[in-house]
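Novice: Okay, handing you the structure first.
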Amino acid sequence: PGFQALRGKSELGTSWHDDKSCWVLDYTPNTPLFGNTRDELRQVGCGLYLARLYEKCPCPRLKGYFVIQVCATCP
């Protein structure tokens, strides 16, 4: 729509939880509401992702979980 809603980066990375591969969503410090957070996502089913939400500062701390469901046709 011509504007940027959130600032951050998304990349394959290593989980703070168990050092295994995951998608990391890392937001810049000045991002409203998400500025101090890091999300780690893993696919747990067809089109279903489970994420861990961390507070980054003053020290990394698990704040909760959320789920993303993507409409997909499974084989």
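Novice: Can you pull out the residues in region 36-71 that are within 17 Å of residue 11 (Cα to Cα) and without any contact (Cβ under 8 Å) to a residue 12 or more places away in the chain?
Specialist: 43
Novice: Take the residues in region 3-46 that are hydroxyl-bearing (Ser, Thr, Tyr) and in contact with a Gly (Cβ under 7 Å, 6 or more places away or on another chain), then tell me which one is nearest to residue 70 (Cα to Cα). Please lay out each step first, then the result.
Specialist: Keep residues of region 3-46 that are hydroxyl-bearing (Ser, Thr, Tyr), which gives 10, 14-15, 21, 27-28, 31, 37.
From what is left, the residues that are in contact with a Gly (Cβ under 7 Å, 6 or more places away or on another chain) are 27-28, 31.
Numbers: 27: 21, 28: 25, 31: 24 Å.
Filtering region 3-46 for residues that are hydroxyl-bearing (Ser, Thr, Tyr) and in contact with a Gly (Cβ under 7 Å, 6 or more places away or on another chain), the one nearest to residue 70 (Cα to Cα) comes out as 27.
Novice: If I filter region 60-75 down to residues being open to solvent by 80 Å² or more (accessible area, probe 1.4 Å) and of a type outside the set (Phe, Trp, Tyr), which single residue comes out as farthest from the chain's Cα centre (by Cα)?
Specialist: Looking only at region 60-75, we keep the residues that are open to solvent by 80 Å² or more (accessible area, probe 1.4 Å), and these are 60-61, 63, 65, 67, 69, 71, 73, 75.
Checking which are of a type outside the set (Phe, Trp, Tyr) leaves us with 60-61, 63, 67, 69, 71, 73, 75.
Details: 60: 14, 61: 14, 63: 12, 67: 10, 69: 13, 71: 18, 73: 23, 75: 26 Å.
In this case the residue turns out to be 75.
Novice: Hey, could you check region 19-36 for residues that are part of a strand (DSSP E or B) and either open to solvent by less than 50 Å² (accessible area, probe 1.4 Å) or out of contact with any strand residue (DSSP E or B) (no Cβ under 9 Å at 6 or more places or on another chain) (or both) and say which is nearest to residue 7 (Cα to Cα)?
Specialist: As a first pass, look at region 19-36 and keep what is part of a strand (DSSP E or B): 21-27.
Cutting the leftovers down to either open to solvent by less than 50 Å² (accessible area, probe 1.4 Å) or out of contact with any strand residue (DSSP E or B) (no Cβ under 9 Å at 6 or more places or on another chain) (or both) gives us 22, 24-27.
On the way: 22: 19, 24: 13, 25: 10, 26: 9, 27: 6 Å.
So the residue we want is 27.
Novice: Report the residue count in region 37-61 for those that are in a strand (DSSP E or B) and either touching a Ser or Thr at 6+ places or on another chain (Cβ under 9 Å) or within 17 Å of residue 23 (Cβ to Cβ) (or both). Step through it out loud before you land on a result.
Specialist: Let us first name the residues in region 37-61 that are in a strand (DSSP E or B), namely 37-45, 48-55, 61.
From the residues that got through so far, the ones that are either touching a Ser or Thr at 6+ places or on another chain (Cβ under 9 Å) or within 17 Å of residue 23 (Cβ to Cβ) (or both) too are 37-45, 48-55.
Qualifying residue count for the region: 17.
The values are calculated or read from the model by the stated rules, or taken from the named source; none is laboratory data. Here the structure is a predicted model, which is why all the values come from computation and not from measurement. For neighbour counting, all protein chains shown are included, and Cβ atoms are generated from backbone atoms with ideal geometry for every residue, glycine included. We work out accessible area using only protein heavy atoms, side chains counted, and drop any ligands, DNA or RNA first. Shrake-Rupley method; radii C 1.70, N 1.55, O 1.52, S 1.80 Å.
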